[in-house]
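Heads up, the thing below is written out as C-alpha cells.
The values are calculated or read from the model by the stated rules, or taken from the named source; none is laboratory data. This structure is a prediction, so every number in the text was calculated from the model and none was measured. All Cβ positions, even for glycine, are placed from backbone atoms using ideal geometry, and neighbour counts span all protein chains on display. Heads up: the accessible areas ignore ligands, DNA and RNA and are worked out on the full protein's heavy atoms, side chains in. Shrake-Rupley method; radii C 1.70, N 1.55, O 1.52, S 1.80 Å.
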Amino acid sequence: MAAQDVADVVVRTAGTDDVPAVCRFGATHVAAHYTPILGPEGARAQVRQWWGDAYVGRAVADGVVLVAERAGDLVGVAQHGCVGDDHVVWKLYVHPDHRGAGLGPRLLRAVADRLPPDADRLWIEHVAANVRAGAFYEREGFTVQRVEAHPRGDSRLAVVWRSRPLTR
C-alpha cells in the first residue's frame, strides 16, 4: 500500500485522554511488527511491558509521549526520556499506512524540539533483528555507538544503541 499523505497530520504531546488510543496502537501495530522478529510471545511481552495502561499512563503524565493524529485517528507515537544526561527516544512507531511519507522524521524533530536547549545529542535503541528500524535510523543520521549482547546470546536480540548530534 502506498504511504498516505501526512501533510494534515498533527503532532502533539499526548494527554490523559490519549492513553487508551496509544495502548490500542501498541497492541495492534507493535505486536504485528515484532511477531516476525521476536516471535508471538516475545511480541506480546513487548506490548504488556511497554504499551499497557499503567506504563503509558505514567509516561503521558510525565509529558514524554507524543502522538501524531490525522482526522482524529492515531497514526504515530513517540516517547522520549533520559538515561543520566543522555536524551533517548524510547518509542518511535508509525502506522504502516503512513510509513515512507515523512512522519518518522517529523516525530523525531518533534522530540528534539521538546528537549532542553543544552541537549546536544539524541540516542535511540533497537533490537538488531529490527533491520527496518536500523535502516531508517541510519538514513536519519544515527550512527551505531555500541551493541549490547542479549543475555541468552541471541545476536538477533542484541540491543543496538545509536546516536546523532542534535540540530535545531
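Using beta carbons and a limit of 6 Å, which pairs, at least six apart or on different chains, have the first residue in region 108-136 and more than 22 Å from G42 (Cα to Cα) and the second one buried (at least 20 other Cβ atoms within 10 Å of the Cβ) and among the β-branched types (V, I, T)?
Short answer, once both residue conditions are applied: V111/V89.
Which pairs turn up if I take residues in region 141-159 that are in a helix (DSSP H, G or I) and modelled with pLDDT under 95 and look for partners that are of a type in the set (F, W, Y) and open to solvent by 90 Å² or more (accessible area, probe 1.4 Å) with beta carbon separation below 6 Å, at least 6 apart in sequence or on another chain?
none
Open to solvent by less than 20 Å² (accessible area, probe 1.4 Å) and touching a helix residue (DSSP H, G or I) at 6+ places or on another chain (Cβ under 9 Å): is that true of W90 in this structure?
no
Being open to solvent by 60 Å² or more (accessible area, probe 1.4 Å), at pLDDT below 95, out of contact with any Asp or Glu (no Cβ under 8 Å at 6 or more places or on another chain) and of a type in the set (G, A, S), is that true of even one residue in region 20-34?
yes
Any chance you could count how many residues in region 1-47 are of a type in the set (S, T, Y), assigned to a helix (DSSP H, G or I) and farther than 13 Å from Y93 by Cβ?
2
If D120 satisfies all but one of (1) under 23 Å from D17 (Cα atoms); (2) surrounded by fewer than 17 Cβ atoms within 10 Å (Cβ to Cβ); (3) acidic (D, E), what's the number of the condition it fails?
Here D120 meets the rest and fails (1).
Could you figure out which of (1) open to solvent by less than 20 Å² (accessible area, probe 1.4 Å); (2) in a helix (DSSP H, G or I); (3) small (G, A, S); (4) touching a helix residue (DSSP H, G or I) at 6+ places or on another chain (Cβ under 9 Å) isn't true of A110?
(4)
Which one is modelled with the lowest pLDDT among residues in region 59-106 that are assigned to a strand (DSSP E or B) and β-branched (V, I, T)?
V83
Is one or more of the residues making up region 48-58 modelled with pLDDT of 90 or more, loosely packed, with under 13 Cβ neighbours inside 10 Å and assigned to a loop (DSSP other than H, G, I, E, B)?
Checked region 48-58: no residue is modelled with pLDDT of 90 or more, loosely packed, with under 13 Cβ neighbours inside 10 Å and assigned to a loop (DSSP other than H, G, I, E, B).
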